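Have a look at the structure below, then the notes.
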Amino acid sequence: MAVKYVYLFSEGNGSMRELLGGKGANLAEMVSLGMPVPQGFTVSTEACTRYYDDGKKIGGDIVAQIETALADTEKLNGKTFGDPKNPLLMSVRSGARASMPGMMDTILNLGLNDAVAAGMIAGNADPAFERFVYDSYRRFIQMFSDVVMELSKKRFEMIIDELKEEKGVKDDIQLSAADMKELVKRFKAFYKEEKGVDFPAEPKTQLMEAVQAVFRSWDNPRANVYRRMNEIPYSWGTAVNVQPMVYGNLNNDSGTGVAFTRDPATGAKALFGEYLINAQGEDVVAGVRTPSKIAELEKDMPGVYAEFVAIANKLENHYKDMQDMEFTIENKKLYMLQTRNGKRTAAAALKIAVDLVQEGMIDEPTAVCRVEPQQLDALLHPQFDAKALKAATPIGAALPASPGAACGRVVFTAAEAKAWAVKGEKVILVRLETSPDDIEGMEAAEGILTVRGGMTSHAAVVARGMGTCCVSGCGEIEMHADAKYFHLGGKKYAEGDYISLDGSTGKIYGEAIPTVEAAISGDFETFMAWADARRTLKVRTNADNPRDTAQAVKFGAEGIGLCRTEHMFFEGDRIKSMRKMIVAKDEAARRAALAELLPYQQGDFTAMYEALEGRPMTVRFLDPPLHEFLPQKGNEIAEIAGELGVTAAELKAKVESLHEFNPMMGHRGCRLAVSYPEIAEMQTTAVINAALAVNKAHPGYGIEPEIMIPLVGEIKELKYVKDIVTKTADAIIAVAGAELHYKVGTMIEIPRAAVLAGEIAEEAEFFSFGTNDLTQMTFGFSRDDAGAFLDAYYNAKIFENDPFARLDQNGVGKLIQLAVAGGKATRPDIKLGICGEHGGDPSSVKFCHAVGLDYVSCSPFRVPIARLAAAQAAIKQK
């Protein structure tokens with residue numbers, strides 16, 4: 001039996017979203033509800049997929065089905081496509097199964113040509129109607145040339161401006177019927193000049209070209225970026241909706257508008273929208289004329305308004321969600337052109353979800369699934385003022401590494417960031433890449449912009465932990481940090497110039513855009529309580545100081561899944577003691593330096609245990625290669641050598657001796673503890689002493705330290721370091737005369753560890769999946785450098801997403817599943833978590849729930865996102 005690729009609206013329904021796309025399914029559903037919809041047809045998403053499979057050609061069988069559907073549409077509407085006496089004119093719109101506003105292209109007034117235009121005018125002698133016909137005709141030529149033939153939209157605008165100048169008028173509406181006819185002539189001449197052929201006059205040719213253009217637009221750059229941002233698979237394809245035209249620009253008894261059943265900005269329950277009399281749909285969006293508020297339609301056309309209100313209420317009650325509707329009025333007759341679940345702000349999403357439950361329209365689990373987890377970012381971080389942002393033009397774009405909006409003056413070093421901030425200046429720290437040395441400047445800055453680095457680079461990870469806006473990996477920047485300026489978007493930006501960053505989209509603006517502070521409404525607590533009641537996956541945080549710990553607890557974190565102890569060594573005098581330890585010439589000198597670090601480390605652990613109030617904390621022992629703690633530049637080496645009691649030459653030699661060709665796979669993690677057991681001894685002492693002290697002060701907390709050995713790939717390696725930990729810990733506990741249980745586990749971040757997880761679980765009491773490194777080592781990509789070439793992979797459709805931002809479930813995910821099975825087979829009660837940056841990504845959280853992890857851990861500001869994603873995973877699994 002032949003595959004059906006084309007459906008009349010009357011043949012579909014709202015459940016056929018995958019096949020008909022969102023718009024097509026909703027049009028079919030409105031038809032089934034008896035609403036006034038211009039009756040047309042939908043070319044399915046499967047036709048789009050086949051178009052690409054067939055080498056970007058529409059198959060003959062699909063063409064035949066389109067022609068049959070067109071003939072049926074002619075009968076339904078009592079008009080004929082291409083007939084000058086009684087013409088049927090069409091609109092052609094895209095409609096993927098997921099809403100992609102503004103991403104795909106639309107063509108209106110299709111079917112017009114010289115003969116049809118003349119035929120229409122012959123039946124109506126009104127000069128205003130003649131103007132309407134030629135206005136529609138010139139719009140069609142302009143849209144078709146832009147969308148289908150990819151001619152410059154701007155050139156058509158220039159032709160309009162030239163004619164207005166000749167006629168001495170300011171606005172399009174002042175152009176006469178003769179002027180519109182002249183525009184048609186000039187547009188066609190421009191088309192022929194550019195394409196070398198006449199503008200297509202045959203309506204069926206126009207239609208097939210338009211359908212192909214919609215299919216092509218599924219693969220345009222706008223659509224590809226939007227899909228990547230919103231996790232929409234390329235394989236879905238888009239449907240095409242072909243619908244008879246109705247005209248809001250026919251006369252003053254006609255109009256067009258857009259409305260929402262609730263306010264999309266606040267969520268307030270009231271009809272919200274606007275309309276224009278005597279206008280086509282794009283006029284409302286283009287902003288050429290000022291629309292009227294929807295309530296004023298009651299005065300202009302009371303009957304139409306009453307009908308529209310009844311339809312709006314019926315649609316919201318039917319879909320049980322806020323609806324975004326497009327409508328046209330032709331000669332006081334209302335037509336519904338679209339309905340969909342409306343896009344809304346985060347605050348509105350929460351209010352609408354909570355209100356719909358209270359109104360008895362939906363239940364709590366449904367409400368929890370109505371809010372996109374990523375939307376919560378907007379409640380936790382500053383955002384740009386919407387009007388100011390609309391007026392601004394980006395000068396560049398890179399990776400949206402840490403959400404929020406930031407505006408400030410450009411500085412190029414951490415020291416400058418700190419100094420300017422002390423003076424009360426808001427700054428943006430611009431760096432080639434950040435290092436742990438930059439931590440104080442990063443803390444002082446409103447936002448961070450880097451030339452290099454990916455979604456798991458140092459800048460990205462630290463910024464997310466702080467809740468600071470960050471855009472990373474902007475390779476277009478031409479950097480001159482020593483001279484204190486950079487070039488981007490054809491302009492020079494010097495120290496002190498204003499720039500703005502959008503960490504949620506990755507866009508960079510060369511001006512000051514005002515921001516508005518984040519605001520958490522009362523609905524947030526209600527909504528998140530519903531989410532928490534449904535989830536089974538625990539949510540911890542990645543934190544390494546008391547401030548971030550307290551913030552995460554406030555956001556609902558149930559413990560710390562990753563405390564990166566190395567971050568504690570970069571502040572003030574600590575870095576000096578750390579450097580002394582590194583340059584020490586023997587074990588005694590190393591132990592002396594470690595003794596200086598012990599009180600700092602123990603003090604931090606104590607403060608964090610206090611902030612956690614009995615919640616668990618997994619402490620990862622020292623992980624990065626030691627060269628990261630030493631100065632790299634000659635002037636810094638000379639300056640610091642004296643402080644460390646060594647010569648500049650000796651320090652330089654030490655720095656050079658630590659150089660590795662691939663430090664991420666070098667002397668780091670557990671390998672440091674194997675080489676220098678005294679480091680593990682000091683860190684164990686700090687953890688155990690802190691736990692004993694806090695348990696003594698707060699007996700109800702019952703702290704059980706979790707000590708995590710990083711970068712293990714071999715069971716003997718883990719046992720060697722674990723023996724050092726247990727010997728040290730047991731001795732301290734014995735001397736204290738106290739009872740203290742603790743666990744020793746490991747990070748699974750090397751593929752070999754995942755494969756041998758059953759063996760490693762003989763020693764490890766818990767696993768935490770370090771998916772940043774596991775992804776890096778599985779793919780063989782450097783996470784700091786991959787951003788430079790991943791765009792080519794997206795464009796070639798090799799990858800749809802950044803594997804460092806969204807967990808690769810096929811490859812890395814299989815290793816995690818293998819390790820989970822191996823770990824549980826050896827140790828059924830083994831605790832399993834994830835502490836890479838994937839812990840805050842909703843699709844990755846869903847995967848973690850499905851494979852049976854106990855918790856995810858993410859940066860403090862992503863904790864609410866992970867809580868909601870975990871709840872949705874549990875609800876959807878049921």
**OP:** Those residues that are assigned to a helix (DSSP H, G or I), open to solvent by 20 Å² or more (accessible area, probe 1.4 Å) and farther than 25 Å from residue 743 by Cβ, I need them from the range 519-567; list them, please.
**Re:** 522, 523, 525, 526, 529, 530, 532, 533, 534, 547, 551, 554
Original post:
Residues in the range 9-28: is at least one touching an Asp or Glu at 6+ places or on another chain (Cβ under 6 Å) and assigned to a loop (DSSP other than H, G, I, E, B)?
Top reply: yes
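Okay, residues lined up against (1) closer than 16 Å to residue 341 by Cβ; (2) open to solvent by 30 Å² or more (accessible area, probe 1.4 Å):
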{"site": "5", "(1), (2)": "no, no"}
{"site": "15", "(1), (2)": "yes, yes"}
{"site": "19", "(1), (2)": "no, yes"}
{"site": "24", "(1), (2)": "yes, no"}
{"site": "41", "(1), (2)": "no, no"}
{"site": "46", "(1), (2)": "no, yes"}
{"site": "50", "(1), (2)": "no, yes"}
**OP:** Just give me the residues in the range 819-837 being outside any loop (DSSP other than H, G, I, E, B) and farther than 17 Å from residue 753 by Cβ, in sequence order.
**Re:** 837
Original post:
Within the range 481-518, restricting attention to residues that are of a type in the set (Ser, Thr, Tyr) and closer than 14 Å to residue 405 by Cα, which residue is surrounded by the most Cβ atoms within 10 Å (Cβ to Cβ)?
Top reply: 500
Subject >> residue 816 vs. criteria hydrophobic (A, V, I, L, M, F, W, C), assigned to a helix (DSSP H, G or I), modelled with pLDDT of 95 or more and closer than 29 Å to residue 455 by Cα >> reply: yes
**OP:** Name every residue in the range 568-581 that is open to solvent by 10 Å² or more (accessible area, probe 1.4 Å) and at pLDDT 85 or above, in order of residue number.
**Re:** 574, 575, 576, 579, 580
Original post:
What number of residues within the range 53-96 satisfy the criterion of being open to solvent by less than 50 Å² (accessible area, probe 1.4 Å), basic (Lys, Arg) and either assigned to a loop (DSSP other than H, G, I, E, B) or modelled with pLDDT of 95 or more (or both)?
Top reply: 0
Original post:
Restricting attention to the range 347-369, which residues are out of contact with any Ser or Thr (no Cβ under 9 Å at 6 or more places or on another chain) and open to solvent by 10 Å² or more (accessible area, probe 1.4 Å)?
Top reply: 355, 358, 359, 360, 361, 362, 363, 364, 365, 366, 369
Original post:
Mind checking which residues of the range 159-172 are part of a helix (DSSP H, G or I) and either open to solvent by 100 Å² or more (accessible area, probe 1.4 Å) or without any contact (Cβ under 8 Å) to a residue 60 or more places away in the chain (or both)?
Top reply: 159, 160, 161, 162, 163, 164, 165, 166, 167
Original post:
Given the residues 734, 693, which is the only one that is part of a helix (DSSP H, G or I), more than 26 Å from residue 763 (Cα to Cα) and of a type in the set (A, V, I, L, M)?
Top reply: 693
Original post:
So which pairs qualify, if the first residue must be in the range 780-799 and within 17 Å of residue 224 (Cα to Cα), the second must be outside any loop (DSSP other than H, G, I, E, B), the Cβ gap must be under 8 Å, and the two must be at least 6 apart or on different chains?
Top reply: 787/399; 787/472; 794/224; 794/228; 795/224; 797/234; 799/790; 799/793
Subject >> Matching residues, the range 442-457, being in a helix (DSSP H, G or I) and either farther than 18 Å from residue 404 by Cα or modelled with pLDDT of 90 or more (or both) >> reply: 442, 444
**OP:** Examine the range 658-670 for a residue that is over 34 Å from the mean Cα position of the chain (by Cα) and of a type in the set (Gly, Ala, Ser), and state whether such a residue exists.
**Re:** no
Original post:
Only one residue in 474, 470 is in a loop (DSSP other than H, G, I, E, B), hydrophobic (A, V, I, L, M, F, W, C) and within 28 Å of residue 518 (Cα to Cα). Which one?
Top reply: 474
Original post:
Name the residues in the range 696-731 that are open to solvent by 50 Å² or more (accessible area, probe 1.4 Å) and part of a helix (DSSP H, G or I), would you?
Top reply: 696, 697, 716, 719, 720, 723, 727, 730, 731
Original post:
Hey, any hits in the range 141-156 for a residue that's touching a residue at least 12 places away in the same chain (Cβ under 8 Å), outside any helix (DSSP H, G or I), under 29 Å from residue 342 (Cβ atoms) and of a type in the set (A, V, I, L, M, F, W, C)?
Top reply: no
**OP:** Would you mention how many residues in the range 417-441 are in contact (Cβ under 8 Å) with a residue 60 or more places away in the chain, open to solvent by less than 50 Å² (accessible area, probe 1.4 Å) and part of a helix (DSSP H, G or I)?
**Re:** 2
**OP:** Please find, among 571, 610, 596, 587, the residue that is farther than 24 Å from residue 655 by Cα and of a type outside the set (S, T, N, Q).
**Re:** 610
**OP:** Could you identify the single residue in 614, 603 that is small (Gly, Ala, Ser), farther than 26 Å from residue 538 by Cβ, modelled with pLDDT of 85 or more and surrounded by 13 or more Cβ atoms within 10 Å (Cβ to Cβ)?
**Re:** 603
**OP:** Can you tell me which residue among 782, 768 is under 36 Å from the mean Cα position of the chain (by Cα) and either within 18 Å of residue 620 (Cα to Cα) or open to solvent by less than 10 Å² (accessible area, probe 1.4 Å) (or both)?
**Re:** 768
**OP:** Look through the range 198-225, keep the residues that are among the basic types (Lys, Arg) and within 22 Å of residue 797 (Cβ to Cβ), and return whichever of them is modelled with the highest pLDDT.
**Re:** 216
Original post:
Taking the range 576-613 as the search range and keeping residues that are among the aliphatic types (A, V, I, L, M) and in contact with a Leu (Cβ under 8 Å, 6 or more places away or on another chain), which one is farthest from residue 554 (Cα to Cα)?
Top reply: 583
Original post:
Considering the range 412-444 alone, what residues qualify as being over 20 Å from residue 631 (Cβ atoms) and touching a Phe, Trp or Tyr at 6+ places or on another chain (Cβ under 9 Å)?
Top reply: 426, 427, 428, 430, 444
Original post:
Listed residues 740, 774; which is within 25 Å of residue 718 (Cα to Cα) and assigned to a loop (DSSP other than H, G, I, E, B)?
Top reply: 740
**OP:** Collect the residues in the range 497-525 that are more than 28 Å from residue 226 (Cβ to Cβ) and at pLDDT 95 or above, keeping them in residue-number order.
**Re:** 497, 498
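The values are calculated or read from the model by the stated rules, or taken from the named source; none is laboratory data. Note that the structure is a prediction, hence the values are computed from the model and not measured. FYI the Cβ positions are ideal-geometry reconstructions off the backbone, even for glycines, and counts take in every protein chain you see. Only protein heavy atoms, including side chains, enter the accessible area calculation; ligands, DNA and RNA are left aside. Shrake-Rupley method; radii C 1.70, N 1.55, O 1.52, S 1.80 Å.
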